[in-house]
1. Amide H to amide H under 5 Å from A:Arg148: which residues, 5+ apart in sequence or cross-chain, H placed 1.01 Å off N in plane?
2. Quick check on the stretch B:22-105: what does the Kirkwood estimate of hydrodynamic radius come out to from the alpha carbon pairs, in Å?
3. In a solvent-free Debye calculation with one equal scatterer on each Cα, what is log10 I(q)/I(0) for the stretch A:54-123 at q = 0.16 Å⁻¹, listed in the order of the q values?
4. For the charge dipole of chain A, defined by +1 on Lys and Arg C-beta atoms and -1 on Asp and Glu C-beta atoms about the Cα centroid, which residue among A:Gln4, A:Leu172, A:Ser52 has the Cα displaced farthest towards the positive pole?
5. Could you give the spread of the C-alpha atoms of the protein assembly as shown along their three principal axes, from largest to smallest, in whole angstroms?
6. Other chains' Cβ within 10 Å of B:57-67 residues: what's the mean?
7. Between the alpha-carbon centers of the stretch B:37-65 and the stretch A:139-175, tell me the distance in whole angstrom.
8. Please get the size of the charge dipole for chain A, origin at its Cα centre, with Cβ charges of +1 on Lys and Arg and -1 on Asp and Glu, quoted in debye to the nearest 20.
Amino acid sequence: MTDQAEVERWLSRLGWALNHLPPHERDDIVRETRSHIEDRVASGASFQQVLSGFGPAERHARRFVDEIEACEALGSQRVGDLARFVANRAHRSVGAAIALLALILLTILAGITVLVVGLKIVDPVHAGLWIGPGTAFIGVIDDPQAGREILGLWLFPAAAVVLTLIFIAGRLLLSLVVPRLAPQRPGSPAGTT
Amino acid sequence: MLKGLAELALLSLLDEEACYGLEILERLRSDAGLQLAEGAVYPLLHRLEKARWTAAEWRIDPENGRPRKYYAITDAGREELAAQRTSWTQLSSRLTHFLERSVRP
């Protein structure tokens, strides 16, 4: 394979790795990278030297995607964008993996809360927070005579409080974790990467 | 830390004049002393452009006819530069003060 063909192949792989970006952004990145390579070669470097400086095309593309995801997540501040940002880094960062696990647990807890509220609406006699001899649980009981339901209709405001606390905890977690995973600025408390 | 410093140095460089990627990389390496990898500056430039802290345009180099993407700082970029410069000055001042405590008589 000639040097030029190798460069074309590398640039094609770069474009492919950036394929989920808008076409004009992707083409712009590839065009700019080509311009850089041509400038370097014109100043005496070999194609091999330049390409090895960039590293694999997929890794170079990953840097763009990381920067863009960080920019979008921090810019929008939406829970979904922030959570997606953390999830996309979970396989590369222990902090992101732990945060993702915590988010999953919070989501499960929220799901259970919503489920119990739904059951209370559908079956108010059997669903609730039950306390009996040696047991206490939230959910559905087969025999309502076997325990005492202590929340009654207070289950609804209690569920609202729990869901609000879950949302606040998740939001707080994301607001602490995402800036530490995103590219740092000088002087920021987490600027130690 | 290096990424953050690269961003600050880059905005400072563009505050001086519009530059293209390779020129920025070389000046950050030689003038600012930042050991950046060959392609490291482009994702950063891309993000700053998306954040509208820089504006870019393609120009043809009159000497060799090659297209180059030139970046210039925007007003929002200048505001960000001022904020980052203040933040960095305060941090470096505190750190210097801290490090010098052990050499005081």
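Values quoted throughout were computed directly from the atomic coordinates according to the rules given, and no laboratory measurement underlies them. Worth saying up front: this structure is predicted, and the values here are computed from it rather than measured. Neighbour counts run over all protein chains shown; Cβ positions are idealised from the backbone, glycine included.
1. For A:Arg148, the qualifying residues are A:Ile131, A:Gly132.
2. 15.6 Å
3. -0.69
4. A:Leu172
5. 91, 65, 33
6. Rounded to a whole number, the mean comes out at 2.
7. Cα centroid of the stretch B:37-65 versus Cα centroid of the stretch A:139-175: 52 Å apart.
8. So the dipole magnitude of chain A works out to roughly 400 debye.
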